[in-house]
Amino acid sequence: MAAPIKTEGVVLRSLRYGEADRILHVYTRDRGRIGAIAKGVRRSRSRFGGRLEPFSHVALLLHEGRSDLMTVTGADTIRSHARLREDGAALDAAARACDAVARLFETGDPHPAVLHLLLNELALLEGGVGGTTRATHANQLAFRLKLLLAAGLAPQLAACASCGERDHLGGFSGAAGGVVCSACEAGAFGLSEEAHGFMVDALGRPLAEAPAASERALRQAERAIGATVEHHGGIRLRPALAG
C-alpha cells in the first residue's frame, strides 16, 4: 500500500457528493491544485467535523489511489478563517480570490509563493471584519496582479509592449501583453495615467499596502488584467467585485 501523503493547503471549494461525501479543491504547498474526496464528512459524527470548510488552511493526510481524486484520511486545522463568514463583503472577496487561484493555477505544479499570497489575502480579509474592511476593489486587483506575476503573465508596464517606447503610454493591449504608446495603440483601449500608476504600485507594494485609486482607474486596471489573462492564459476571471 502506498505511503500516505502529508501536505498543507487552502480549501478553495467544497462540493456535495453522494449522501455524505464532499469533493474538495485544495491549493497545496507542494502539489499545487489537487482534487480530493472526504468520505462521510457530512455526517454528524464525522471525525473531520468542520475542518474542511472553504478558505480553511489545513494540514492534510491523503491517500493516492488510481482515481484522479485523492482520499482525505486525516485533517487538522491550521487556521479556519472563520470570521470571514461574519461579513458578506469579506466572504465574497475570499471566494473570488480562491476562484482566481483555481483558474490560474489548475495543475499539480507546486507554487509555494501562490499559497503564501493566498494565505496573506485571506488573513487581510479576515482582519478587516468588524473594522475597516479590506475587501476593497483595489485590494482584490492588487492580489490578482500578484497572481499574474507568479503565473508568469504579468503585463509589461515599464515601456510599450510593442516597440519599447517609454513615453506617451496611453493605451493597453491584451494581445501585446501590456501598455502601448500612441504609435502602437491600434486595437488597444485607453489606460489612464492613474490606472497605469495603480498597476505599477500594486505590483511593487506589499499586498497590505494596496494603493488607492478612483473607481474609474480601477475599472481600467481590471479590464487590463482580464485582457492579459484571456490573451495569454486562455482564462476568463470572474469580476473582482459582485454586481
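The values are calculated or read from the model by the stated rules, or taken from the named source; none is laboratory data. Because the structure is a prediction, the values reported are computed rather than measured. Glycine also receives a Cβ, built like all others from the backbone with ideal geometry; neighbour counts cover every protein chain displayed.
Could you say which residue among Ala102, Ala138, Ala89 is out of contact with any Ser or Thr (no Cβ under 7 Å at 6 or more places or on another chain), under 28 Å from Glu194 (Cα atoms) and in contact (Cβ under 8 Å) with a residue 40 or more places away in the chain? Quick ask: steps written out before the conclusion?
Values: Ala102 fails: under 28 Å from Glu194 (Cα atoms); Ala89 fails: out of contact with any Ser or Thr (no Cβ under 7 Å at 6 or more places or on another chain).
The unique qualifying residue is Ala138.
Going by the structure shown, is Arg47 free of Cβ contacts under 8 Å to residues at least 40 places away in the same chain, out of contact with any His (no Cβ under 7 Å at 6 or more places or on another chain), surrounded by fewer than 22 Cβ atoms within 10 Å (Cβ to Cβ) and outside the structural domain of Arg219 (by TED's automatic domain parsing)?
Numbers: free of Cβ contacts under 8 Å to residues at least 40 places away in the same chain: yes; out of contact with any His (no Cβ under 7 Å at 6 or more places or on another chain): yes; surrounded by fewer than 22 Cβ atoms within 10 Å (Cβ to Cβ): yes; outside the structural domain of Arg219 (by TED's automatic domain parsing): yes.
Criteria met by Arg47.
Checking the structure you have, find out if any residue of segment 60-71 is surrounded by fewer than 16 Cβ atoms within 10 Å (Cβ to Cβ), small (Gly, Ala, Ser) and closer than 18 Å to Pro4 by Cβ.
Yes, some residue in segment 60-71 is surrounded by fewer than 16 Cβ atoms within 10 Å (Cβ to Cβ), small (Gly, Ala, Ser) and closer than 18 Å to Pro4 by Cβ.
Among the residues in segment 183-200, are any surrounded by 23 or more Cβ atoms within 10 Å (Cβ to Cβ), under 18 Å from the mean Cα position of the chain (by Cα) and either touching a residue at least 40 places away in the same chain (Cβ under 8 Å) or on the phi > 0 side of the Ramachandran plot (or both)?
Checked segment 183-200: at least one residue is surrounded by 23 or more Cβ atoms within 10 Å (Cβ to Cβ), under 18 Å from the mean Cα position of the chain (by Cα) and either touching a residue at least 40 places away in the same chain (Cβ under 8 Å) or on the phi > 0 side of the Ramachandran plot (or both).
Here is a yes/no grid of residues against (1) more than 23 Å from the chain's Cα centre (by Cα); (2) in contact (Cβ under 8 Å) with a residue 40 or more places away in the chain; (3) surrounded by 14 or more Cβ atoms within 10 Å (Cβ to Cβ); (4) under 29 Å from Asn120 (Cβ atoms):
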position	(1), (2), (3), (4)
Ala2	yes, yes, no, no
Glu8	no, yes, yes, yes
Arg16	no, no, no, no
Ala20	yes, no, yes, no
Asp30	no, yes, yes, yes
Ile34	no, yes, yes, yes
Ala38	yes, no, yes, yes
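Tell me whether segment 51-61 contains one or more residues that are touching a Pro at 6+ places or on another chain (Cβ under 6 Å), at pLDDT 90 or above, more than 27 Å from Glu222 (Cβ to Cβ) and of a type outside the set (Gly, Ala, Ser).
Yes, some residue in segment 51-61 is touching a Pro at 6+ places or on another chain (Cβ under 6 Å), at pLDDT 90 or above, more than 27 Å from Glu222 (Cβ to Cβ) and of a type outside the set (Gly, Ala, Ser).
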